[in-house]
Amino acid sequence: MTIFRGSERVTTRARSPGMARCARPCRHTAKTDRIRAPRSPPMPQPATGSTEGETFPAVCGHTHLFPGARCRLQGLPDPRAFAADPWPIGVDLRFSDVVGAEAELRTDDLAGPVLAVPAYTTGAGTKIEGRTWLVRGVALEGDEVELTIGSRAVA
């Protein structure tokens with residue numbers, strides 16, 4: 001078989017099924033010569049409703065919590081239902097200095113939902129003692145739920 005590359009004449013072997021059209025590998029390579037990575041199975045989608053016992057990320061705008069601080073819960077399967085009637089979940093807090101703390105949102109307190117945060121150290125090295133905060137507000141913000149921190153809960 002004779003092909004032309006620009007003004008150059010190139011002679012190759014006759015093409016049979018499964019052989020490349022060109023003398024060198026290129027986009028004309030036959031499908032049988034291509035290697036494809038195996039597809040991974042689809043990720044399971046969370047069911048809507050109670051997710052008690054699961055942990056969800058929450059992005060906080062500061063390096064620590066205080067009355068009036070806000071954190072946005074992400075990845076809840078049904079944020080509208082959660083904002084209307086929160087249930088207990090684990091919260092992976094991510095502060096503005098990229099430090100994290102694994103907290104727990106509890107709903108069994110008579111005063112309303114509380115956020116229990118263990119002791120952690122900020123990015124600047126400040127040690128923050130473990131505290132339990134009343135959650136003053138729970139609001140739907142798009143597909144996220146914003147928690148507004150209230151005062152410290154009475155132990």
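Data table
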item	result
Some residue of the stretch 92-103 being over 22 Å from the mean Cα position of the chain (by Cα) and assigned by TED's automatic domain parsing to the domain that holds Val145	no
Where Pro67 falls short, out of the listed (1) in a strand (DSSP E or B); (2) of a type outside the set (Asp, Glu); (3) surrounded by fewer than 15 Cβ atoms within 10 Å (Cβ to Cβ)	(1)
Answer from Thr48, Thr148 - the residue that is part of a strand (DSSP E or B), among the hydroxyl-bearing types (Ser, Thr, Tyr) and either at pLDDT 95 or above or more than 16 Å from the chain's Cα centre (by Cα) (or both)	Thr148
Complete set of residues in the stretch 115-144 that are among the β-branched types (Val, Ile, Thr) and over 14 Å from Leu93 (Cβ atoms)	Thr126, Val138
Residues satisfying the stated conditions in the stretch 104-138, i.e. part of a strand (DSSP E or B) and of a type in the set (Asp, Glu)	Glu104
Residues located in the stretch 104-133, provided they are touching a Pro at 6+ places or on another chain (Cβ under 8 Å), without any contact (Cβ under 8 Å) to a residue 40 or more places away in the chain and under 24 Å from Ala84 (Cβ atoms)	Glu104, Arg106, Thr107, Asp108, Pro113
Residue match in the stretch 120-139 (condition: in contact with a helix residue (DSSP H, G or I) (Cβ under 9 Å, 6 or more places away or on another chain) and not aromatic (Phe, Trp, Tyr))	yes
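Yes/no matrix, rows are residues, columns are (1) out of contact with any Phe, Trp or Tyr (no Cβ under 8 Å at 6 or more places or on another chain); (2) part of a loop (DSSP other than H, G, I, E, B); (3) among the hydrophobic types (A, V, I, L, M, F, W, C); (4) within 15 Å of Arg152 (Cα to Cα):
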position: Phe82; (1), (2), (3), (4): yes, no, yes, no
position: Pro86; (1), (2), (3), (4): yes, yes, no, no
position: Asp92; (1), (2), (3), (4): no, no, no, no
position: Ala101; (1), (2), (3), (4): no, no, yes, no
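The values are calculated or read from the model by the stated rules, or taken from the named source; none is laboratory data. All figures in this text were calculated on a predicted structure; none of them were measured in a lab. Please note: Cβ atoms are built from the backbone with ideal geometry, for glycine as well, and neighbour counts cover all protein chains shown.
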